[in-house]
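One structure below.
The values are calculated or read from the model by the stated rules, or taken from the named source; none is laboratory data. These numbers were taken from a predicted model, which means no experiment stands behind them. All Cβ positions, even for glycine, are placed from backbone atoms using ideal geometry, and neighbour counts span all protein chains on display. Protein only, heavy atoms only, side chains kept; ligands, DNA and RNA dropped before computing areas. Shrake-Rupley method; radii C 1.70, N 1.55, O 1.52, S 1.80 Å.
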Amino acid sequence: MKNDISTTLFKEAKNIIPGGVNSPVRAFRNVDGDPFFVDKAKGCRITDVDGNEMIDYVGTWGPAILGHAPESVINAVGDAAKNGVSFGIPNPFEVDMARLIVDWVPSVEKVRMVSSGTEATMSAVRLARGYTGRDKVIKFEGCYHGHVDSLLVAAGSGALTHGKPDSAGIPDAFAAETIILPYNDLGRVEEVFAKMGEQIAAVIVESYPANAGLIFPREGYLQGLRDLTTEHGSVFIFDEVMTGFRVAKGGVQELEGITPDLTAMGKVIGGGLPVGAFGGKAEIMDYLAPDGPVYQAGTLSGNPLAMAAGMAQLREMERIGGYAKLEVLGARLEAGIRGILKQKGLPYQLNRVGSMFCLFFTEEEIVNLDSVMTADTAKFKKFFTSMLKQGIYMAPSPYETGFISAAHGNEDIDQTLNAMDQAFSEI
Ligand code: HOZ
C-alpha cells in the first residue's frame, strides 16, 4: 500500500490537532500504525489520498447504511441547501422527521432533535433526573454513551481502545452519581434497586452493546431491567445510537418487544450529517423547556440539511427494502466466516445482528466486558493489518462493531471472505 501523502498529512496533523485526529477512534495506535486520509468514498468503497481503494466496514462508524454518497441523500441535501443551510427558526423538515421517528420507533411519542449521539444521551439523562428528582444513574461496564461526563466511566469504544475507560477530567462527585454494574447480570441490578431504588433516576443501557464488540442480552435481561425500573419509578433509557434505524426500522425495541421510557438516537438518522435525537413518553418529554423545567437547547438542532439527509436516507431504505437486503448480506458474511473458522479449527466467537457484526479472538462466550477482554488483541492486530493490506478496511480496534451497507454486494462480501481466509492463516 502506498501511503506517502497520508504520512505527510498525518505528520502535519499531529503538530496542530491533538494526536492528529478529531476523534480518538480514528487513530491506529492500537494496531501499531498511522491512519490513512480519505480522498473520496462511493458505495461500499473508499479511496485514500494515495489512491488505495478499500471495501469499507466502518461506514463512518454507523451512519452510512446506504453506503457512501448515495444519490438520494446528495440530492436531498443539495435541494435543501438552495433554500438556506441553517435558520435557527422552525422549519418543515423538523416536523417531517419527528413524524417519521414517532411512526417508526415504537416507544417514542415525542422527540427532540440534537446534533450528536452524545447530546442525545446527555439530554436524556438530564431529563430523567429532572423528571424523577433523583440523581443516581445505573450504567453497564463496556457500554459507551458518547463522551458525557457522568457516563464516561467504565466506558467502551475509543475510551476502552486507548486504555482510558475512566477518563481524566471527570470530577469524583460526578462519577459518584453513576453506578457501574456488569452487563447481563440482572441479580446485581436487583440488589442495587433493593438497597437504594428511591435514589435511582435512570438505568441507561445500549440496547445491544456495540462499543465493546457486539454483545447480546441474555433471555429476559432487557425485560428484567424494564420491570425493575417500572417497579421503582426510574426512567429506563435505551441508547439506540448504534442500533436505531440500523437493525430494523424501529431498532432493538422493535426486535425485542421492549418499551423503554426514553430512547437516544443518532448515526443512521442523520444520513451522514451531524444528528442525534432523544424521545419517548410524552409525559416525560413534556418536562423539557419551554414547557417544562429541564433546559436543553441547540443552535443547529433540527438543521434543515441534516433533517433532509436523514429523511432521504430513511425513505430510500424503505423504498429499496434495505433492511431485508442487509439481513441477506449479513447472513452471507456470517455463514462465510463460520465456514472458514470451522475449516481452520479456530474457536473464535462471532456475533451478528442484521448488518452489524463483531469477531472476537477468544473461545469464551461473549456475555459482558470481562468476556470481551479475554480476546487476544495481538491476533486482532495481525488480522486487521492483513485485511487492510488486502484492501478491506475494518475498524482499527477489537472493541468496535463492523457495519455492512446496502451498497455492499455479494461480490464484495465474497472478496472480504477470501481476504479473511488469508488473514486467519497469517495470525
Ligand atoms: N460511537 C462510535 C463507535 N464506537 C465512535 C465514534 C467516535 O468516537 O468518533
**Prompt:** Does the stretch 93-148 hold any residues that are open to solvent by 50 Å² or more (accessible area, probe 1.4 Å), of a type in the set (A, V, I, L, M) and touching a residue at least 24 places away in the same chain (Cβ under 8 Å), and which are they?
**Reply:** VAL102, MET122
**Request:** Could you check the stretch 315-427 for helices (runs of 4 or more DSSP H) lying wholly inside it with 2 or more residues that are among the charged types (D, E, K, R)?
**Result:** 322-344, 377-389, 410-426
**Prompt:** Restricted to the stretch 137-149, and to residues that are farther than 13 Å from PRO209 by Cβ and among the hydrophobic types (A, V, I, L, M, F, W, C), which residue is nearest to the ligand (Cβ to nearest atom)?
**Reply:** VAL148
**Prompt:** Within the stretch 380-416, can you find the residues that are buried (at least 17 other Cβ atoms within 10 Å of the Cβ), within 24 Å of the chain's Cα centre (by Cα) and away from the ligand (no atom under 16 Å from the Cβ)?
**Reply:** LYS381, PHE383, THR385, MET387, LEU388, ILE392, ALA406, ALA407, HIS408, ASP412, ILE413, THR416
**Request:** Taking ASN30 as the residue in question, decide whether it is of a type in the set (S, T, N, Q), under 27 Å from LYS382 (Cβ atoms) and away from the ligand (no atom under 16 Å from the Cβ).
**Result:** no
**Complete:** Only unsatisfied item for GLY88, checking (1) part of a helix (DSSP H, G or I); (2) open to solvent by 30 Å² or more (accessible area, probe 1.4 Å), is (1)
**Request:** Return yes or no: is LYS14 free of Cβ contacts under 8 Å to residues at least 40 places away in the same chain and more than 16 Å from the ligand (Cβ to nearest atom)?
**Result:** yes
**Message:** Going by what's in this entry, would GLN313 be described as modelled with pLDDT of 95 or more and over 20 Å from the mean Cα position of the chain (by Cα)?
**Reply:** no
**Asked** If you go through the stretch 47-56 one residue at a time, how many are touching a Phe, Trp or Tyr at 6+ places or on another chain (Cβ under 9 Å) and either within 16 Å of the ligand (Cβ to nearest atom) or polar (S, T, N, Q) (or both)?
**Response** 2
**Asked** How do the pairs read when you match residues in the stretch 61-72 that are away from the ligand (no atom under 16 Å from the Cβ) with residues anywhere that are part of a helix (DSSP H, G or I) and open to solvent by 30 Å² or more (accessible area, probe 1.4 Å), using Cβ under 7 Å and keeping only pairs 6 or more apart or on different chains?
**Response** LEU66/GLU316; PRO70/GLU316; SER72/GLU316
**Asked** Take the residues of the stretch 150-168 that are of a type in the set (Gly, Ala, Ser), within 16 Å of the ligand (Cβ to nearest atom) and open to solvent by less than 30 Å² (accessible area, probe 1.4 Å): which is farthest from the chain's Cα centre (by Cα)?
**Response** ALA154
**Asked** Of the numbered conditions (1) modelled with pLDDT under 95; (2) closer than 20 Å to GLY117 by Cβ, TYR183 satisfies every one except a single condition; which is it?
**Response** (1)
**One residue from ASP239, ASP286 being buried (at least 19 other Cβ atoms within 10 Å of the Cβ) and at pLDDT 95 or above** = ASP239
**Message:** Take the conditions modelled with pLDDT of 95 or more, in contact with a Ser or Thr (Cβ under 8 Å, 6 or more places away or on another chain) and on the phi < 0 side of the Ramachandran plot and apply them to GLY197. Does it pass?
**Reply:** yes
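Yes or no, residue by residue, for (1) within 28 Å of GLY67 (Cα to Cα); (2) buried (at least 22 other Cβ atoms within 10 Å of the Cβ):
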residue: LYS281; (1), (2): no, no
residue: PRO293; (1), (2): no, no
residue: LEU300; (1), (2): yes, no
residue: MET307; (1), (2): yes, yes
residue: GLU316; (1), (2): yes, no
residue: GLY321; (1), (2): yes, no
residue: LEU333; (1), (2): yes, yes
**Request:** Look through VAL252, VAL268 and report the one residue that is without any contact (Cβ under 8 Å) to a residue 60 or more places away in the chain and either not small (Gly, Ala, Ser) or not in a helix (DSSP H, G or I) (or both).
**Result:** VAL252
